[in-house]
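Encoded as structure tokens, the structure appears first; notes follow it.
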Amino acid sequence: MQQRSIVRIGVPLAVAALALSACGSRATTSTGSSSGSASKTVKIGVIAPLSGSLSALGLGIQHSVELAVKQANATNAIPGWKIEVVFKDDEAKADVGKNAATQLAGDDSVVGVVGDLNSSVSQQTQPIFNSAKITQISPANTNPSLTIGADAANPKRQYAAYFRTCTTDAVQGPFAAQYLIAKGIKKVATVHDKQTYGQGLVEAFTKEFTKDGGTITDAETITTADNGGNNDFSTVITKIKPGAPQAIYYGGQFPEAGPLSLQVKNAALTIPLMGGDGIYDPKFIQLAGGKDEGDLATSVGAPADASDAGKKFLADYKAAAYPDESGAYGGYAYDAANAIINALKTSLASASDPKSARQATIDAVSKVSFDGVTGKVAFDQYGDATSKVITVYKVEGGKWVADKTDTFK
Amino acid sequence: MTVTHSAPAAPPADGGAVILQASGVIMRFGGLTAVNSVDLTVREGEIVGLIGPNGAGKTTFFNCLTGLYKPTEGQVIFNGAVLPPKPRAVVLAGMARTFQNIRLFNNMTALENVMVGRYCRTSSMALTSIFRGPKFRREEAATRARAQELLDYVGLGRSSELLARNLPYGDQRRLEIARALATDPKVLLLDEPTAGMNPQETRQASDLIFKIRDSGIAVVVIEHDMRFIFNLCDRVLCLVRGETLVEGSPTQVQSDPRVIEAYIGTGDDDEDEGAST
Amino acid sequence: MSTVSTPTQIAPTPGYHPSRIDGLREQHGRLAWLLVLTGLVVLAAGCFLSWSYDPEILGNLSISFNPGSLQLFMLTAAVLALVYALAYRGPLRGLGVWIDSAKALMVLGIGALGFMAITLAVVAVTSSGLINIDPGGWVSLVGSLVLAVGGSLLERRPTKDTLHAQLPAWVEIGTIVVLMAMLLFGAAYALGQTDGNIFGLFLVFVVAVAWSLFAAGFFTWLGIVAQRHRRVLMLGAFAVAFLFPFTQNGSDANMSIATQVLIFAATALGLNIVVGLAGLLDLGYIAFLGAGAYTAATLSTSAFATIGWKPPFLVVVLLGAIVAATLGLIIGTPTLRVSGDYLAIVTLAFGEIFRLSMSNLDGNNGPDLTHGPNGIPAIPDLQIGSFNFGDEHTILGFSLGRFANYYFVLLVLALVIITVFSRLNNSRIGRGWVAIREDEKAAEAMGVNVFGLKLFAFASGAFLAGMAGTVKAHQDVSVTPDQYVFLESAFLLAAVVLGGMGTVAGVFIGATILKLLPEKLRFISDYRLLIFGVLLVLMMRVRPEGIIASQRRQLEFHEEDEALAERIEEVHLEEEAQT
Amino acid sequence: MLFLQQLINGLTSGSLYALIAVGYTVVYGIVQLINFAHGEVFMIGAFGSLAVWTIFFQGQTSILILIPMLLGAVAASVGVAVLMERFAYRPLRHAPRLAPLITAIGVSVSLQEIVRLFYPGAKSPLPYPQIDYVSGTALQLGDITLRRSAIFTVGALVVSAVFLWWFINRTKLGRGMQAVSQDPDTARLMGINVDRVIVVAFALGALLAGIAGVAQGLQTNSISQIMGFTAGLKAFTAAVLGGIGNVAGAVVGGLVLGVAESLATQFIPGAFGGTPWKDVWAFVLLIVVLVFRPQGLLGARVVDRA
């Protein structure tokens, strides 16, 4: 990290020094403008938090899309067309995201967009992309209502142009419940962070867990640091303890989950903590201070390094030497970009300009089907990923280790 | 010090109707009794002086009268009705004041200062102000005209567009009086209106006060300038350590040895009453 | 910086000791003027030559005798410099009596120098090498340097106060109209730039020109003229705002930003009633915008809305405003007993309570009103008659997108809010507020209804913010609690403080700066908040009354500045003479 | 039993509030300024101690390391507080009251951003080291769980309070502080260097905030640049609760607030109880106290600066 910030300041300085020493060479004008005119250009947008506290995730998304596009251009995946990536920062804020979305929508050569990271931002960008007929594939939105609407019992597609490669809370939570029941754990306390993701996860978990005969000993909430929490969970742990649960199911992200796990164990409550993909992050293990052996997390798809596609993605990403890690959503973003690229192969085949291919791209995306990094990539009639492969990871020896991979039923 | 009340205030010769009557006003701050059981009666068309050494509780008494302080005990009857200790109610009833250390709205013009004084006598509220109907225009024009008139009255007619902070000291005092007059008072309370003035300005001030009295407004004045006060007032009240020492005509008070003693013998037990205003 | 911005430093004051530069000025006075002329000619000449070998950088600056946009900027600067120079000595002497052309030339020269330096640096860095800078660039750089040196060495002369300048009314009105047109095209040009560097350089150019005009005393004159022709100014500003969407060729990219600026400015204007007029501090103001937005969302036809009643939109606007105003009354009640810093904290706590409540009321913790953190999404677009605000419409051959539609609604709303703001300000109520701000005790003793006016400030400000919120809900499509955090309140306050307390124009400028610059200068995005924080601190030290301050506010922040007080008084008298 | 356990939890978080609250109260007592950025001083303290650990003791857990870590925390927070006073607040000492408050917001935002942007890895929360004896598995006394970090926090508060009492009442500087808080102008005439006293007040508050930063790190095992905002707000609530300007009041207020919060979490039943509403109740408490008893529980100097 430290190195990165040095690089960030250092590079411009070095460039400036180089420039001032007047040892630069004449720019070759021929490369820039003329060679591109032979093939037509189509753009894929990326819209994610590239600055601010979630930038680590957003930059991973950006680079993963860049990687997919670079590979497509290298193999000339769409004959006669060159793909470019335009990336916009949404700062994880709806207002900013909306501006970014209108800018992308105003660019006639943009056909598809990968993003946003946050469900709350997507809520506001969905209608913009939808009315511009730009395909939007989110690698990270887990809120079920984005695709199926307010009433889960009567699902209704909200926006024809919206898809996602990740699974929703409605899959991960129940899968975790089944896993725990299968392990003979019948008494669980739930904790969530009162955010869209965490609350949805816990609700889905609770429903399945009680249906399968488990008991929820206590349902608690905590406050995230972003919302003014101080990460001192002693009052909540005190409330949980008398119920003597065999595990804690946590809905939320790693910044709170790590300290929570450690504080639970420090309070002489040696039970595992389980969570969703929000805690499946190496930082969780750091923050849990070495007492997190046996903690569990679910994440979507088979482990990246279990499949050949996944291994290749990680290797390629590393080889491309991006300054930021691919992060939790890199694989989904990579798959999302490839879904768009696959669709473009059909939609651009007969198109004269990118804008006229927008509707065709939406149609084509809803029909894509290929083996991606996170499993089979295809979308159902609501735009949700059909892949319901989930992997449970366990902390062993200070690392996340895949414990069980299965298809959710 | 033993306090002997002089004979209860005899009705003055002109015998106007009582407009303001404060009885048994006591003001305590924690353990300190700043005003102890002071009575004051003011009749229409009267100028009453309030004297006393520093820390005698004169300004505190003023604050009790005008509702800035809520007296610990005692009540103030104005025009036959008990005054609630709220400044706004006091002003609406018809009693306005000036301050010992001038408290003008410094960054407003002289005219605007006086227009603020008209606030309680005008009524246009939010919707009227926003839609600017004929009533609003009429009232604004009337307010402006009345304010200008009052400035002329106190002799500041030509300074109406000057910022209050830029006025000379004496003019600021007069502006404060004009602002108080704008509330259409029946009783005007002046807290050291000539402090810091030169003899000529002092003379102008007393002329102004006479003029105000002659227009039918009773005036109560706090002052240290004895010559000024004995020349001006119909009746004088001398406070010492929060209690009434003497009350009577200027000549009575002037010749009372206790007054002289109170002024000379105070020494260093002064308290800064300015801080509490 | 301060030596440039303080107009009072022109004339040598008593006790002023001549410094070395004054000595230089005396020695080389005549030479300096020639230097200025040389500089501006060289600067202009350079603009006709190529600046960059690479045509891809900063627009195309590589063609000789065909200036690119950046080169046109510098040509404009050179022409302006020529006007100043001729006003200093030459046929425009008549103008020179009024303006401080020497100082203006210095400022302009330094600005041009900065512009050239940045431009050449950008060229060198992006094309990796100084060698890519063509001779024209160097020529103009030298020209601007000579201009700056010459300008600094010119002898300063005292000028007449522009307050007493008498010009025909049509000249004054014409100036306003021309400025408004320039504003419109400048804004359209600047917003059309996708290249952050060109946008930034354009800003540098605008700031340099504006600063030199300021140094020349032009803005003082303009302020007086604007006072004189207030209606023309208002009309012109509104016309510019109204015409703006038509310059966008149907693109919504800038309109989306513009709608946000308007919503933000409308809310900030409401806050300005509380802070700027009544002098109270509110650190939880975003809650009122939220109250309006949540009201509109729950009463909308969204499938997520929690209240079954669906009144027409105008009723919703009114209801949202009333809900917000009621909250304002509740938040205002403590002002009876609490003031100053304590009030700030109370309002901050109220703001947090609002946000927490909105994210709690989801059925698990309290009744299901807001869907908690999920918020209320899928709020449909407004529909008035057959006019759907979500669709693109074509008017007079100009196509206007979704955001342009909302922009017009917001513009009307802004107009209403401006009217309310300025009419309240110039009324009995406004005088009451000033009095409270100046001396609360004295105001009370003069019969001003202090508590009532404070409550009214909170309620009316909240009312306006609530109105803005109802439109925001539809425009945003969804309402979630995380849009109403403390930082947003801080931003609102910053818009008021930066722009100018108690003024309408100031708030709009503040809102534009805070919303537009981060969008256009994306390369600062990660440093945005840091810059914001530092800006607040610096602003409080350098110019606490804001960019465009109300005169009274300015005085309040500079109690000891007698010259300022007298100057403002003079303006007052002048105005009085006019009416 | 639950009550006792929650009481202990509350006293622990209350001690933390109290340590920070002293900073508000000392500064307010002397310059009548709500140093909005004080929460950030606390945050900087935590990062200061972490930096010491990372640079010199990475991977070690000995209790002895705690001393340099505390020194690092205190150095960082005192340094920041003094700079803040000198460059942000001092030039505004006679400005209208709005100016310092807005400056404080600016300083607060800037400090958070500086840490986030320039402290390596601070874009997401950083793990805080585990130190022997003061963190780790809790002590079990019957049914009561006693966290080791809690013992440290309460102990730190006790030591700090004694030190503070001694400093204010027994040293020349402390008496100077009292004099300035009574009447700055007279104090100046009496030859007291008011500027210095003000700096000392800022430093004193920062000292305790720095210690609080370490305590927070040990308690929660993670620190982030945003932890100062709410902590500061809560601590300010505590200061007001106890009576701002009154140092003993800050301590009492902190403890009362902490206990009230943890008891509210446990015992307020129904939909409006539990963690989601905890902060709401804390803020309601703040408003109620400000409106109905602005002088606080223990009373304070008259602080009406209207």
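Here C:LEU535, C:LEU498 are screened, and the one residue that is over 21 Å from C:SER256 (Cβ atoms), modelled with pLDDT of 85 or more and of a type outside the set (Ser, Thr, Tyr) is C:LEU535.
Of all the criteria given as (1) within 12 Å of another protein chain (Cβ to nearest Cβ); (2) surrounded by fewer than 24 Cβ atoms within 10 Å (Cβ to Cβ); (3) closer than 13 Å to A:LYS43 by Cβ, the one not satisfied by A:SER109 is (1).
Considering the range A:32-53, the residues that are part of a helix (DSSP H, G or I) and more than 10 Å from every other protein chain (Cβ to nearest Cβ) include one that is modelled with the highest pLDDT, namely A:ALA38.
Please tell me if D:ALA187 is surrounded by fewer than 24 Cβ atoms within 10 Å (Cβ to Cβ) and more than 14 Å from chain A (Cβ to nearest Cβ). Yes; evaluated as a whole, the condition is true for this residue. Only one of the numbered conditions (1) at positive phi; (2) in the same structural domain as B:ASN63 (by TED's automatic domain parsing); (3) not β-branched (Val, Ile, Thr) is not met by B:GLY155, and that is (2). So is C:LEU145 modelled with pLDDT of 90 or more and of a type outside the set (Ser, Thr, Tyr) or not? The answer is yes for C:LEU145. Of A:ALA72, A:ALA77, A:ALA56, A:ALA92, all but one fail to be assigned to a loop (DSSP other than H, G, I, E, B), surrounded by fewer than 23 Cβ atoms within 10 Å (Cβ to Cβ) and among the hydrophobic types (A, V, I, L, M, F, W, C); the exception is A:ALA77. The criterion of at least 1 residues that are under 27 Å from C:LEU400 (Cβ atoms) is met by the following helices (runs of 4 or more DSSP H) wholly inside the range C:189-298: C:196-216, C:230-243, C:253-272, C:286-298. Picking from residues in the range B:106-126 that are in a loop (DSSP other than H, G, I, E, B) and facing another protein chain (nearest Cβ under 7 Å), the one that is surrounded by the fewest Cβ atoms within 10 Å (Cβ to Cβ) is B:THR122. Selection of the range C:112-129 for residues being of a type in the set (Gly, Ala, Ser), crowded, with 20+ Cβ neighbours inside 10 Å and within 13 Å of another protein chain (Cβ to nearest Cβ) yields C:ALA124, C:SER127, C:GLY129. Residues in the range C:362-388 that are more than 20 Å from A:VAL121 (Cα to Cα) and in a loop (DSSP other than H, G, I, E, B): C:GLY363, C:ASN364, C:ASN365, C:GLY366, C:PRO367, C:LEU369, C:LEU382, C:GLY385, C:SER386.
Selection over the range C:59-88 of residues that are of a type in the set (A, V, I, L, M) and crowded, with 21+ Cβ neighbours inside 10 Å gives a count of 8.
Of the listed requirements (1) modelled with pLDDT under 90; (2) touching a helix residue (DSSP H, G or I) at 6+ places or on another chain (Cβ under 7 Å); (3) at the interface with another protein chain (Cβ under 9 Å from one of its Cβ atoms), C:GLY432 misses just one: (1). Here A:VAL202 meets the list (1) touching a Pro at 6+ places or on another chain (Cβ under 8 Å); (2) at pLDDT 90 or above; (3) crowded, with 24+ Cβ neighbours inside 10 Å; (4) within 28 Å of A:GLY301 (Cα to Cα) almost entirely, failing just condition (1). Looking only at the range B:167-220, filter to residues that are of a type in the set (Asp, Glu) and at negative phi; which one of those is surrounded by the most Cβ atoms within 10 Å (Cβ to Cβ)? Here the residue is B:GLU176.
The listed residues are D:VAL26, D:VAL31, D:VAL115, and the only one of them that is buried (at least 18 other Cβ atoms within 10 Å of the Cβ) and away from every other protein chain (no Cβ under 12 Å) turns out to be D:VAL26.
Only one of B:ASN101, B:ASN79 is touching a helix residue (DSSP H, G or I) at 6+ places or on another chain (Cβ under 7 Å) and within 12 Å of another protein chain (Cβ to nearest Cβ); which?
Values: B:ASN79 fails: within 12 Å of another protein chain (Cβ to nearest Cβ).
Residue meeting the stated conditions: B:ASN101.
Check whether at least one residue in the range C:494-504 is under 11 Å from the mean Cα position of the chain (by Cα), small (Gly, Ala, Ser), assigned by TED's automatic domain parsing to the domain that holds C:VAL420 and under 30 Å from A:SER122 (Cα atoms), and report yes or no. Looking through the range C:494-504, at least one residue is under 11 Å from the mean Cα position of the chain (by Cα), small (Gly, Ala, Ser), assigned by TED's automatic domain parsing to the domain that holds C:VAL420 and under 30 Å from A:SER122 (Cα atoms). Filtering the range D:219-237 to residues that are at the interface with another protein chain (Cβ under 7 Å from one of its Cβ atoms), in contact with a strand residue (DSSP E or B) (Cβ under 8 Å, 6 or more places away or on another chain) and not in a loop (DSSP other than H, G, I, E, B) leaves only D:SER222.
Given the range A:276-383, what strands (runs of 3 or more DSSP E) lie entirely inside it while holding 3 or more residues that are more than 18 Å from the chain's Cα centre (by Cα), without any contact (Cβ under 8 Å) to a residue 40 or more places away in the chain and within 14 Å of chain D (Cβ to nearest Cβ)? Here the list is empty. Only a single criterion out of (1) crowded, with 24+ Cβ neighbours inside 10 Å; (2) at pLDDT below 90; (3) within 14 Å of A:SER119 (Cβ to Cβ) is not satisfied by A:SER138, namely (2). Of all residues in the range D:174-199, those that are β-branched (Val, Ile, Thr) have Cβ atoms under 8 Å from Cβ atoms of residues that are in a loop (DSSP other than H, G, I, E, B), 6 or more apart or on another chain, in D:VAL180/D:ILE192. Within 7 Å of another protein chain (Cβ to nearest Cβ), in contact (Cβ under 8 Å) with a residue 12 or more places away in the chain, over 30 Å from C:PHE421 (Cα atoms) and surrounded by fewer than 21 Cβ atoms within 10 Å (Cβ to Cβ) - does that describe any residue in the range C:507-521? No: the range C:507-521 contains no residue that is within 7 Å of another protein chain (Cβ to nearest Cβ), in contact (Cβ under 8 Å) with a residue 12 or more places away in the chain, over 30 Å from C:PHE421 (Cα atoms) and surrounded by fewer than 21 Cβ atoms within 10 Å (Cβ to Cβ).
What number of residues within the range A:181-195 are hydrophobic (A, V, I, L, M, F, W, C) and part of a strand (DSSP E or B)?
3
Checked against (1) more than 22 Å from D:SER160 (Cβ to Cβ); (2) assigned to a helix (DSSP H, G or I); (3) within 13 Å of chain C (Cβ to nearest Cβ); (4) not charged (D, E, K, R), D:GLY270 passes all but condition (2).
The values are calculated or read from the model by the stated rules, or taken from the named source; none is laboratory data. What you are looking at is a predicted structure, and each value in this text was computed from that prediction instead of being measured. Virtual Cβ from ideal backbone geometry, glycine too; neighbours counted across all protein chains shown.
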